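Here the structure is laid out as structure tokens; the discussion comes afterwards.
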Ligand code: GLC
């Protein structure tokens with residue numbers, strides 16, 4: 001661990017588990033807590049400090065668990081509350097902190113509150129927990145669902161309700177003190193069971209402009225349902241709850257915001273501890289652009305004394321081995337570039353270099369399950385297998401996020417690659433034997449071995465994790481920085497082989513050197 005005690009989270013490496021696709025302990029084709037517990041040694045063996053789990057609550061699964069029907073229990077196909085408690089204990093005994101997802105912007109339409117609101121009818125206090133508006137021929141405004149189509153749907157009596165995501169995910173009304181009280185209690189419920197923190201889903205979205213103005217003509221930074229000033233009061237309350245526990249409990253926010261300074265406001269000392277760096281994830285793999293993002297990230301975080309985070313992939317974005325194998329290596333929700341020509345060998349080489357970059361920048365770092373195996377995006381899922389509402393709500397125009405959520409390959413020569421049951425909830429490709437944990441564990445040059453070595457070094461080297469960075473002189477297309485007098489990282493994205501700076505030892509390289517020089521799309525950690 002890079003730091004111990006109260007500031008462990010400042011430089012933590014955090015492994016993201018998408019439970020449904022991690023490992024299946026009961027053979028039904030869906031990942032679960034039994035599978036997760038069986039494979040905890042894989043996560044501990046990587047050398048990470050913490051696990052973040054995507055939602056594990058009971059859910060009708062309209063949006064893969066992000067439609068929660070009960071915030072105080074476990075999805076039955078994943079296991080039981082008692083098993084979740086055992087999992088927390090086992091993770092802790094392996095030295096791993098546990099962060100769970102909380103989804104406060106919306107719940108499931110099968111949540112008791114929404115069912116009661118529908119039954120209670122217009123004008124009832126139950127409807128005040130959501131954003132209901134009177135029956136009318138047209139929706140109350142022009143807001144669009146982030147999954148496509150209008151953000152308003154009707155209940156049988158004709159009233160409209162707001163859902164920024166799927167219709168099965170009604171938005172909660174955070175003006176209502178009952179909603180606020182409920183989530184304060186939910187936080188305590190899980191903190192009392194030992195969880196070390198929460199990842200806050202759509203953290204910028206909770207507060208809406210109650211006048212519900214149209215968004216037509218507004219830019220991204222002016223949306224009346226994102227980054228409203230009132231949201232900060234909620235996180236100040238939450239922070240007081242976290243701080244009331246003797247050992248540190250932390251929050252990480254999910255905010256896709258266009259403005260770094262507005263973003264940093266969430267990380268003031270009395271609000272959230274950290275947040276995902278999506279500018280870094282979205283950035284093309286080009287030295288000048290990366291350097292600009294790294295600099296602006298560090299500047300914005302320094303304003304509030306918060307540690308930065310570094311993220312290459314997650315369960316919503318195209319896997320970066322695939323992105324980096326394309327002509328355009330950026331990520332954008334607006335165009336996933338599905339089917340763009342992809343050189344996976346190049347993408348893998350670049351992903352290895354990007355791993356050494358992200359694991360040596362100052363702050364915390366996230367590793368999305370499968371990233372340590374170098375899994376590519378699965379782009380050829382049959383339409384009938386796709387489950388993401390993004391696919392159905394856009395009539396297939398957007399392939400959605402299933403391609404990065406395919407169940408992990410653990411061993412064996414063919415599907416299900418020791419995942420568990422025969423028919424996995426999303427089909428796995430036929431050529432994944434090369435990516436299994438077993439195969440890569442036996443190959444010293446694999447992506448898995450690279451992540452293990454890098455994450456372990458990150459723990460051992462005092463200069464990695466939280467701290468500062470100094471840029472070193474380098475040629476065009478090369479990033480070179482020191483973390484202290486003894487550690488240097490060089491990332492060569494120039495297209496040509498370059499000389500290494502002075503050093504005493506090569507700690508780790510993402511690929512083979514060429515006569516002691518650093519080839520293109522290769523990164524290296526040096527000590528001196
Ligand atoms: C977040 C999650 C995503 C989910 C959405 C709605 O962006 O990461 O998976 O669909 O929120 O809850």
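Computed from the coordinates by the stated procedures, all read-outs in this text should not be read as laboratory data. Note that this is a predicted model, so its numbers are computed, not measured. Here the Cβ positions follow ideal geometry from the backbone for every residue, glycine too, while neighbour counts run over all protein chains shown.
Annotations
- Potential extension, residue 302-residue 528 segment - 0.36 nm per residue separation minus Cα distance: 78.6 nm
- Take the Cα of residue 434, step 7 Å toward its Cβ, do the same at residue 73, and the gap between the two points is 4.5 nm.
- Cα gyration tensor shape for the chain, rounded if a/c is under 1.5, else prolate or oblate: prolate
- Theoretical ellipticity at 222 nm over the chain - DSSP helices of four or more residues, -39500 (n - 2.57) apiece, nearest 500: -7500 deg cm²/dmol
- Relative to the current alpha-carbon distance between residue 504 and residue 260, full extension at 0.36 nm per residue lengthens the span by 84.1 nm.
- Residue 135-residue 188 FRET efficiency (beta carbon distance; Förster radius 45 Å; 0.05 resolution): 0.70
- Between the beta carbons of residue 220 and residue 26, assuming R0 = 30 Å, the FRET efficiency works out to 0.10 to the nearest 0.05.
- Inter-label distance, residue 476 to residue 270: 5.1 nm, where each label sits 7 Å from its Cα along the C-beta direction.
- The slack between residue 333 and residue 38, meaning 0.36 nm per residue of separation minus the straight C-alpha distance, is 102.8 nm.
- Relative contact order, whole percent, for segment 31-92 stands at 34, derived from Cα pairs under 8 Å and 6 or more residues apart.
- Nearest-ten-degree value, helix 447-460 long axis tilted from longest Cα axis of the chain: 90 degrees
- Structural descriptor for the chain: relative contact order 14 percent, calculated from alpha carbon pairs under 8 angstrom and at least 6 residues apart.
- Short-range pairs are left out: with C-alpha atoms under 8 Å and at least six residues apart, the relative contact order of segment 455-500 is 26 percent.
- Once the C-beta distance of residue 176 and residue 295 is scaled by a Förster radius of 41 Å, the resulting FRET efficiency is 0.50 to the nearest 0.05.
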